[in-house]
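One structure is given below, encoded as structure tokens.
Throughout, read-outs are computed from the coordinates displayed, never taken from laboratory work. Source: prediction; values computed, not measured. Because the Cβ atoms are built from the backbone with ideal geometry, glycine has one as well, and the counts that use them run over all protein chains shown.
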Amino acid sequence: MDAVVSPQTLHAAAKVLKAEHFALDAGIGVDRQPELEVLYLFKQFSDGARVRLRIRTDRELATLPTLATTYAGAEWYEREIIDMFGITFTDHPHPRPLLLPHYTSFHPLRKDFHGAPIVIPDDTIGIPEIDIQEALKQGHVAGSRSDFFLNMGPQHPSTHGVLRILLHVEGETVLGGRCHLGYSHRGTEKLAEKKQYVQFLPYTDRMDYLSPLNYNWGYAKILERATGIEPTPRAEVIRVIMAELARVASHLVWLGTYLLDLGAITPFLYTFEDREQILTIFERATGQRMTTSYIVAGGVRNDLYGTFVTEVSDLLKKLYKRLPEYEDLVMGNEIF
Amino acid sequence: MDEQLPILNPDGQYPDSVNSETVPPIVRFLPLQKALDLARANSLWPLTFGIACCAIEMMAASASRYDTDRFGAGVFRNSPRQADLMIVAGTVNLKMAPIIKRLYDQMPSPKWVIALGSCAICGGPFEQEDNYAVVQGVEKIVPVDIFVPGCPPRPEALIHAILELQERIKAGTTHALEPGAVAPVTEQPVEFVDLIERLKKQAQRKSAQ
């Protein structure tokens, strides 16, 4: 169901959906020149029913009621929309940028935005003013209590990537935390506006660089559905095999680095060797180790090479033998 | 030694005309320096610092098949205060840039930087006119010694970069700052000369010779 609702009736509609056990799937901003639109997707898990609610606002006014009071999960989606479209949500619990730095004043996904010069201020890390205000509001005046704020990340060995958490701690007990995202935001959506559909394929590799083939496939599927292209059965089989290999390689990275965080270095060396063997097959089949761009709309870019089947079946036999070894290496380790 | 030490101000600071990077050390022993350079070149400790795709290849380079430990560069440190090599592996964006600068400043001198992959070199695939998020090259923030092209570069490319850096450290031709010096803050970011233009000029110079 797709419905355009007025800002006044949004809350009533959301309450009806909540009573029917609909979960919020996503909140998306759309620039429908000249109006701005916010699209909420709801899904009912019991029978898969989907509902779309659209609310629209004037470009100049750009003010809408928040959904976060009914669905708490809408908070981050709306913060992203605040960044990208400059829409103000009244009564939003934490109305501050999610992906962009707090000092920027542009809204990139509006269609009339055409790039901004990159100005790097000297130092912008530290506790944002809004967090200090909030702490003061809760009665955490400096020196009055034993709890304090601690910054963790974005360069931290256990964040794997760039996540920053502002921890609220008392001694060694974590009372709460506030996540700060956007340290690897690359503006891919804006870049996609200027690209042709085929040109955008390599960017999908870089969205999930651990299993790029799965992302290639998702993107190719969209193009196929939109254009009505049917891939050949052979291509479909090749896609499944390659995507599954990519998934295994991705899980091997997870296993190795997760144990690395716990202080076990040895499993990392084993899992990465197995991953290298999968990457060798990728390289022979696609020409690249990681950023493959192999699954394209309509099929795959090129056919498999001669010894692919024997190599993969040999590898799988070897990996099956490895699994108990991994378990023994980790769970059988006295330190663990 | 002909170099004259600049005179300190009454408040113990160098005058503004003196760039801290050019201040010579007070005592300098050439043979000892050479020995130190040799030792440093063969025990590079990189900073654990991955931003995007290239970080996975950096991990692969340090893992069992490629094993940068063979060249003394496998001891990845989690704290910048223990590291002397920063491998910028991935896309540097607007929000990350000040943090990279801060991490670089926290590393003790002498220190070196490898820009791994197209994004760290020039923005890579994210270089476009309506870009608002990606810094077009980490060179605008910190001085870079080695650029490794690729998207992402293979682990062999990173190993080659480390070997090249070792050669340069031994020869004393890196951007490494003397102990105690602080990287100068550039007001204007370094503008990239178009690569083709640069190559053309180079070719012209060669043909003129």
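The length gained by stretching the chain between residue A:96 and residue A:150 to full extension, at 0.36 nm per residue less their Cα-Cα distance, is 17.4 nm.
Could you calculate the FRET efficiency of residue A:193 with residue A:328 from 1/(1 + (r/R0)^6), where r is the beta carbon distance between them and R0 is 51 Å, rounded to 0.05? Computed FRET efficiency for residue A:193 and residue A:328: 0.50.
Were the residues from residue B:129 through residue B:71 laid out at 0.36 nm apart, the gain over their Cα-Cα distance would be 16.8 nm.
The amide H of residue B:50, built 1.01 Å from its N in the peptide plane, has A:161 as neighbours under 5 Å, considering only residues 5 or more places off or on other chains.
Each of residue A:20 and residue A:208 was given a label point 7 Å from its Cα along the Cα-to-Cβ line. The distance between the two points is 3.0 nm.
Applying Stokes-Einstein at 4 °C and 1.567 mPa s to the Kirkwood radius of chain A, computed over alpha-carbon pairs, gives a translational diffusion coefficient of 54 µm² s⁻¹. Annotation: amide H of residue A:23 within the under-5 Å range of A:43, A:44, A:45, sequence separation 5 or more or interchain, hydrogens built in the peptide plane. Among the residues of A:279-291, the average count of other protein chain beta-carbon atoms within 10 Å of the residue beta-carbon is 2. Among A:105, B:43, the order by Cβ neighbours within 10 angstrom, fewest to most, reads A:105, B:43. Under 5 Å from the amide H of residue B:93 lie the amide H atoms of B:135, each residue being 5 or more positions distant or on a separate chain, with H modelled from the backbone and absent for Pro and chain starts. Farthest towards the positive end of the charge dipole of the range A:2-90, among the residues A:65, A:36, A:11, is the Cα of A:11, using unit charges on the Cβ of Lys, Arg, Asp and Glu. Averaged over the residues of peptide B:97-105, the number of Cβ atoms from other protein chains lying within 10 Å of each residue's Cβ is 4. Counting Lys and Arg as +1 and Asp and Glu as -1 over every other residue whose Cβ lies under 14 Å from the Cβ of residue A:265, the net charge comes to -3.
With the simple spin-label model, which puts each label point 7 Å out from Cα in the Cβ direction, the residue A:265 to residue A:280 separation comes to 2.5 nm. Using the Cβ-Cβ distance between residue A:222 and residue B:203 with R0 = 51 Å, the FRET efficiency computed as 1/(1 + (r/R0)^6) comes to roughly 0.70.
Among B:151, B:53, the ranking by other beta carbons within 10 Å of each residue's beta carbon, starting with the fewest, stands as B:151, B:53.
Legend: calculated FRET efficiency, residue A:63 to residue B:106, from the Cβ-Cβ distance at R0 = 45 Å, rounded to 0.05, equals 0.55.
Helical runs assigned H by DSSP (4 residues or longer) give chain A a calculated mean residue ellipticity at 222 nm of -13000 deg cm²/dmol, each run adding -39500 (n - 2.57) before division by the residue total. Neighbour counting of Cβ atoms within 10 Å sorts the residues A:241, A:82, fewest neighbours leading, into A:241, A:82. Across peptide A:184-196, the average count of Cβ atoms from other chains found within 10 Å of a residue's Cβ is 5. In terms of the mean number of neighbouring beta-carbon atoms within 10 Å, the peptides A:5-14, B:97-106 order highest first as B:97-106, A:5-14. From the Kirkwood radius over Cα pairs of the range A:195-330, Stokes-Einstein at 20 °C and 1.002 mPa s returns a whole-number translational diffusion coefficient of 135 µm²/s.
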